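A.B. asks: Once you've had a glance at the structure underneath, I'll fire off some questions.
None of the figures in this text is laboratory data; all of them are computed from the coordinates on show. All values reported here derive from a predicted model rather than from experimental measurement. When we count neighbours, we look across all protein chains shown, and the Cβ atoms used for this are built from the backbone with ideal geometry, even at glycine.
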Amino acid sequence: MNVKKLFDMQRQLNERIIKEHQLEGRNLLPEQILALEVELGELANETRCFKYWSHKPPADRHIILEEYVDGLHFILSLGIVLDFENVQLLTRQYEKDNSLVQTFQRVYDLITKLHEQQTSESYTELFDYYLILGENLGFSNEEIEQAYYEKNEVNHKRQDEGY
């Protein structure tokens, strides 16, 4: 995965949004953290991994991938705001959880940790574990990267249309 290219694309989108919505000089970190938490919840909802009371199957794979990539946009944005763009990802370093529910819960915990401790280590751990979540969902790095490019284009188009 070309993380540098993802950061570059996200920076361009962020700069456009900040300019067009007149957000220069505003600290967007709280909104970005909450946005990531909301996107993670939307992703979990589409997987239905926690809905033990329901027989309804998960959403189609492409919908789950799109929701996953929405979260990736905010993880990249957090890295830009916190100046952690030179992150060295080590996704194989962490022991994988036994269930998708545990993986989601761990990502939520790591978002909270980053909110409380805005360190390079806490950011790297969150980013790494988010990639593990993608892997546990069955996505390859190539699929994630391609889906990111496509969604980034959609996000620019939305800005064109006054979203």
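A.B. asks: Can you tell me which of 130-143, 7-20 comes out highest on packing, and rank the rest after it, using the mean Cβ neighbours within 10 Å? Intermediate results must be reported in sequence, preceding the final value.
C.D. replies: Details: 130-143: 17.8, 7-20: 15.4.
Ranking the peptides 130-143, 7-20 by packing returns 130-143, 7-20.
A.B. asks: Still on this structure: Let me have the 222 nm mean residue ellipticity of the chain computed from DSSP H runs of 4+ only, each contributing -39500 (n - 2.57), with the sum over all residues rounded to the nearest 500.
C.D. replies: Working: 6 runs with 112 residues, N = 163.
Computed ellipticity for the chain at 222 nm equals -23500 deg cm²/dmol.
A.B. asks: Then there is this: Could you give each residue of segment 122-135 its phi-based ³J(HN,Hα) in whole Hz, using Karplus coefficients 6.51, -1.76, 1.60 with θ = phi - 60°, and x for Gly or Pro?
C.D. replies: Working through the residues one at a time gives 5, 5, 4, 4, 4, 4, 4, 5, 5, 5, 4, 4, x, 5 Hz.
A.B. asks: Can you give the FRET efficiency for ALA59 and GLN118, using 1/(1 + (r/R0)^6), R0 = 25 Å, r = Cβ-Cβ distance, to the nearest 0.05? Walk me through the numbers before you get to the answer.
C.D. replies: Numbers: r = 33 Å, r/R0 = 1.32.
Using R0 = 25 Å, I get an efficiency of 0.15.
A.B. asks: Nearest 10 degrees is fine. How inclined is helix 3-20 to the longest principal axis of the chain, computing both from alpha carbons?
C.D. replies: Approximately 50 degrees, to the nearest 10.
A.B. asks: Still on this structure, please answer the following. With everything on Cα atoms, drop me the angle between helix 100-116 and the longest principal axis of the chain, reported from 0 to 90° to the nearest 10.
C.D. replies: With rounding to tens, the tilt is 30 degrees.
A.B. asks: Can I ask one more? Below 23 Å, Cα to Cα, which lysines can LYS19 reach? Residues fewer than 8 away in the same chain don't count.
C.D. replies: Counting by Cα, and skipping residues close in sequence, LYS19 has these lysines nearby: LYS4, LYS5, LYS151, LYS157.
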